[in-house]
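The values are calculated or read from the model by the stated rules, or taken from the named source; none is laboratory data. Because the structure is a prediction, the values reported are computed rather than measured. Ideal geometry is used to build each Cβ from the backbone, glycine not excepted, and the neighbour counts take in all protein chains shown. To get the accessible areas, we keep the full protein, side chains included, count just its heavy atoms, and leave off ligands, DNA and RNA. Shrake-Rupley method; radii C 1.70, N 1.55, O 1.52, S 1.80 Å.
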Amino acid sequence: MVDINKMKVNSSVCLKQVLKVTTHDMHTGGEPLRIVTSGMPDILGSTILQKREYVKRHLDHYRKFLMNEPRGHKDMYGAILFQDKPLSNEFGVLFMHNEGYSSMCGHGVIALGRYVVDYELVVPKSPETPIIFNCPCGPVKTYVEYINNSSGPVHFESVPAFVYRLGAEVHVPTIGRLSVDIAFGGAFYVIISDRELSLDINSSPQSQMIDIGGKITEAAREQIPILHPESSELSFLYGTIITDGRDRFTDGPSTNICIFADKQMDRSPTGSGVTARIALQVKKGLMQIDEEKEFRSIIGSSFTARAISEIDVGKYPAVIVEVSGMAYHTGDHTFYLENQDPIKDGFQLPR
């Protein structure tokens with residue numbers, strides 16, 4: 001048997017004309033986050049939205065390279081982190097997925113909170129370390145538990161979350177006419193219960209729910225104009241959340257499945273989705289300020305969330321939502337891309 005540890009490789013030959021990118025990978029409630037740690041060129045722009053536009057126009061091949069197969073997969077999720085001043089507690093972040101770039105990612109914020117503390121990009125403070133992540137949707141105040149020189153659970157305060165439409169009618173091909181709610185929690189989501197789709201979130205095939213969720217998103221994008229009251233950059237429908245209908249505070253934990261981007265399925269309860277659900281439940285009078293509720297994902301992982309204050313966004317009554325969860329480190333990676341590779345951008349198998 002060949003001892004590969006004793007093999008000598010001429011790296012100047014094997015790795016000639018190669019793109020090299022390193023990442024640190026984590027998961028929050030089972031949902032991955034691939035954090036770029038080196039290998040990307042400078043990203044121009046003075047604001048996070050300008051940086052996102054620059055990446056979309058000039059560096060999107062990095063997203064495809066890291067998110068798509070053979071290095072990633074259909075449901076991979078990533079983050080590009082910026083820190084202007086060493087040991088500052090303020091960061092910029094871009095989130096990326098199988099289709100492009102999102103405006104907010106709750107599971108990503110939770111993972112990044114632990115990452116910047118554990119890798120000493122901030123000065124830790126006990127009992128919790130405050131951090132600000134400047135996301136495309138706005139600044140997100142984040143707090144990482146830090147006790148006995150060890151990081152723990154993370155909670156963040158959302159940007160203002162609000163209900164955009166109640167009972168909007170959408171005609172979905174092969175399904176029919178539906179009445180849906182649309183709420184914003186850092187991104188816009190259609191929210192609908194499983195029983196309204198003749199589904200059972202605990203027993204219906206996941207492939208069926210992904211297919212239906214994707215069809216609802218596509219139909220709603222075509223039929224319902226989305227306009228954020230303060231930013232045109234946020235004026236798009238991100239996905240569909242199918243719930244178990246347990247919306248009242250007294251109902252106990254509620255399970256949901258979030259289908260976003262190009263039929264990507266979140267393994268976590270979805271931080272921005274949970275934020276949107278809280279805004280919807282407060283609007284409907286099903287929950288009150290400071291009532292905390294547990295939200296579970298399709299794999300059983302959980303976040304807790306509660307509305308902590310009220311605010312207005314344009315003409316919309318809104319709430320600030322606190323979402324809490326835990327993330328874990330899963331590995332470090334060094335990825336290579338040879339210039340002559342015929343599938344430089346990777347690929348996605350149809351779903």
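Listing for the model above:
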read-out	value
Whether region 198-322 is rounded, prolate or oblate, judged on the alpha carbon gyration tensor where a/c under 1.5 counts as rounded	oblate
Filter on 56/125; 215/284; 56/215; 125/315 - keep pairs with C-alpha separation over 32 Å	56/125; 125/315
Accessible area of region 28-85 belonging to carbon and sulfur atoms, whole % at 1.4 Å probe	47 percent
Cα principal axis extents for the chain, largest first, Å	66, 51, 44
Among 37, 239, 281 the positive-end extreme of the charge dipole of the chain (Cβ point charges)	37
Percent accessible area from carbon and sulfur atoms, region 234-332, protein chains only, probe 1.4 Å	44 percent
R0 of 45 Å, Cβ-Cβ distance residue 312-residue 345: FRET efficiency to nearest 0.05	0.55
Simple Cβ-charge dipole of region 298-351, Lys/Arg +1 and Asp/Glu -1, about Cα centre, in debye nearest 20	240 debye
Helical contribution to [θ] at 222 nm, DSSP H n ≥ 4, -39,500 (n - 2.57), averaged over the chain, rounded to 500	-6000 deg cm²/dmol
Whole-Hz couplings from phi, Karplus 6.51/-1.76/1.60, listed for region 226-232; x for Gly and Pro	10, 9, 6, x, 10, 8, 5
Per-pair calculated FRET efficiency, R0 = 25 Å: residue 231 and residue 132 via Cβ, rounded to 0.05	0.85
Partners for residue 51 among lysines (Cα-Cα distance below 26 Å; same-chain residues under 8 apart left out)	20, 64, 74, 85, 141, 263, 344
Label-point separation, residue 174 to residue 198 (7 Å along Cα→Cβ), nm	1.4 nm
Of the trypsin sites (Lys or Arg not before Pro) in region 16-62, those whose Cβ has at most 12 other Cβ within 10 Å and which sit in DSSP loop	16
